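> One structure coming up, written as structure tokens, with questions to follow.
Since every read-out is calculated from the coordinates, none of them should be taken as a lab result. Everything quoted here is computed from the prediction, not taken from an experiment.
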Amino acid sequence: MTIQVGDRIPSATLRYKTDEGIKEITTEEIFKGKKVVLFSLPGAFTPTCSAKHLPGFVEKAADIKGKGVDSIICMSVNDAFVMDAWGRDQKVGDKVQLLADGNGDFAKALGLELDATGVGLGIRAQRFAMVVEDGVVKTLNVEEPGAFEVSSAEAMLAAL
């Protein structure tokens, strides 16, 4: 069952890399008492994700946070090492937090997994974006396969 507006974010653990190693963060820690824009994409270093999706949020981060957003999170079914390398390559800095859903557990819990085995990518997360307030989904924009329109930084800025 796919998560819907008004639903509470399911419990999951995501990972990120620091100078001290891989750290874990729970969805409770991410969303409790905060307004968060979470966007997901099929994979780090892939064409649309690297050329448009992540760069748009990096570019619009100040505008989005200016609407009362505490954090902007990019999630992908990649490992934390790949997400860290991609963030450095994309010069993300502290504008967007990149979190790894290495096994796709969070994507599956959301009901937003993507079967990309036909093109050799395995099970990934669909391209989507959402606004979450105190753990409750307020806006959910899920892309049609191959599309990039409703989950862009501009679309989310308009939704705020």
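> If you take the Cα Rg of region 38-123 and divide it by 2.2 N^0.38 Å, with N the number of residues, what do you get?
1.08
> Take the Cα gyration tensor of region 86-138, multiply each eigenvalue by 5, square-root it, and list the three semi-axes largest first, rounded to whole angstrom.
21, 19, 9
> Using just the C-alpha positions of region 13-159 as equal point scatterers, what log10 of I(q)/I(0) does the Debye formula give at each q in 0.12, 0.20 1/Å?
Debye intensities relative to I(0), on a log10 scale: -0.43, -1.34.
> Is there a pair in K52/K95; K23/K52; K23/K95; K65/K108; K17/K95; K67/K95 whose C-alpha atoms are over 22 Å apart, and which pairs would that be?
Flagged as over cut-off: K23/K52; K65/K108.
> Further, regarding this structure: In 5 Å bins starting at zero, report the fraction of Cα pairs in region 1-51 per bin as a rounded %.
Here the calculated profile for region 1-51 is 4, 13, 17, 23, 20, 16, 5, 1.
> What value, in deg cm²/dmol to 500, does the helix sum -39500 (n - 2.57) over DSSP H runs of n ≥ 4 give at 222 nm once divided by the residues of the chain?
-6500 deg cm²/dmol
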